[in-house]
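Have a look at the structure below before the remarks.
Throughout, read-outs are computed from the coordinates displayed, never taken from laboratory work. No experiment lies behind these values; they were computed from the predicted model shown. Positions of Cβ are backbone-derived with ideal geometry, glycine not excepted, and every protein chain shown enters the neighbour counts.
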Amino acid sequence: NAGVTQTPKFRVLKTGQSMTLLCAQDMNHEYMYWYRQDPGMGLRLIHYSVGEGTTAKGEVPDGYNVSRLKKQNFLLGLESAAPSQTSVYFCASRTFGPGNTIYFGEGSWLTVV
Amino acid sequence: KNEVEQSPQNLTAQEGEFITINCSYSVGISALHWLQQHPGGGIVSLFMLSSGKKKHGRLIATINIQEKHSSLHITASHPRDSAVYICAVSGGGADGLTFGKGTHLIIQP
């Protein structure tokens, strides 16, 4: 049971380039999330999804797009990367209901130069 | 928006000491999570609480809903407990958690 898997783990981008981070979960969870973690700040929600075909904006959605075409996958896209998007990105998932454990991926380290 | 405050921000202790990390939040919640993050590593859920107290090995988590406060205790601390401990709260909706900034714990041998 792999849990939550993120790819790639590390990436360096040039300003203006685009890329996609892939999150895959094998626990049949309804809810999936993309967070970013920056020094001195708590994790912040970028986008989330409550089911296949649905997405919603979180706290810091600007500059990112997401898609959830399959229940097990949640993609995070950067259309035109900016240095301010240098961060560690975490995907997470949990099943329906407020009192359920949340599972995180290992993180993706992204540097935009 | 819920505000989550953790204290202390940094804590260095000697092996064997009893450790307490505190978390307070501003708005009523449906659940509180304690998470652990090792340097360069992923985030692991330690506890999820909606009331009372939970224990897992040397870790104990308590929550006081009326006071909007939770504590994470580590008994007989060990260098392998060195990590960042993060408190996060859920309001009951699907829109994820609100996180504290974390407590960086170092246990020296």
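At-a-glance table
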| item | result |
| --- | --- |
| Nitroxide proxy distance, nm - points 7 Å out along Cα→Cβ at A:Val12 and B:Ser51 | 5.4 |
| 3J(HN,Hα) from dihedral phi, the stretch B:31-41, Karplus parametrisation 6.51/-1.76/1.60, rounded to Hz, x for glycine, proline | 7, 10, 10, 10, 10, 10, 10, 7, x, x, x |
| Efficiency of FRET between A:Thr54 and B:Asn2 - r from beta-carbon atoms, R0 30 angstrom, step 0.05 | 0.80 |
| Cleavage-rule hits (trypsin sites (Lys or Arg not before Pro)) in the stretch B:30-83: DSSP loop, at most 16 neighbouring Cβ within 10 angstrom | B:Arg58 |
| Placed amide H near A:Thr86: partners under 5 Å, 5+ positions off or other chain | A:Val112 |
| Candidate aspartates and glutamates for bridging to B:Lys55, where Cα separation is under 16 Å - those fewer than 8 sequence places away on the same chain excluded | B:Asp81 |
| Whole-angstrom gap from the stretch A:24-92 to the stretch B:58-91, using each part's C-alpha centre | 26 |
| Per-pair calculated FRET efficiency, R0 = 35 Å: B:Gln108 and B:Ser30 via Cβ, rounded to 0.05 | 0.40 |
| Residues whose placed amide H lies under 5 Å from that of B:Asp95, excluding near-sequence neighbours | none |
| 3J(HN,Hα) from dihedral phi, the stretch B:9-20, Karplus parametrisation 6.51/-1.76/1.60, rounded to Hz, x for glycine, proline | 6, 9, 8, 10, 9, 8, 3, x, 6, 8, 10, 10 |
| A:Phe96 paired with A:Met19, simple spin-label distance in nm, labels 7 Å along Cα-to-beta-carbon | 3.6 |
| Paramagnetic reach from B:Arg58 in the stretch B:73-109 [backbone N under 18 Å; point 7 Å along Cα→Cβ] | B:73-86, B:104-109 |
| Inter-label distance for A:Asp62 and A:Ser80, nm, one decimal - labels placed 7 Å from Cα along Cα-to-Cβ | 1.4 |
| Residues with amide H under 5 Å from that of B:Phe47, placed H, sequence gap 5 or more | B:Trp34 |
| Longest exposed-site-free window of chain A, the sites being trypsin sites (Lys or Arg not before Pro) in a DSSP loop that have at most 16 other C-beta atoms within 10 Å | A:15-69 |
| Those lysines that a straight Cα-Cα span of less than 28 Å connects to A:Lys57, excepting residues fewer than 8 apart in one chain | A:Lys9, A:Lys14, A:Lys70, A:Lys71, B:Lys1, B:Lys68, B:Lys101 |
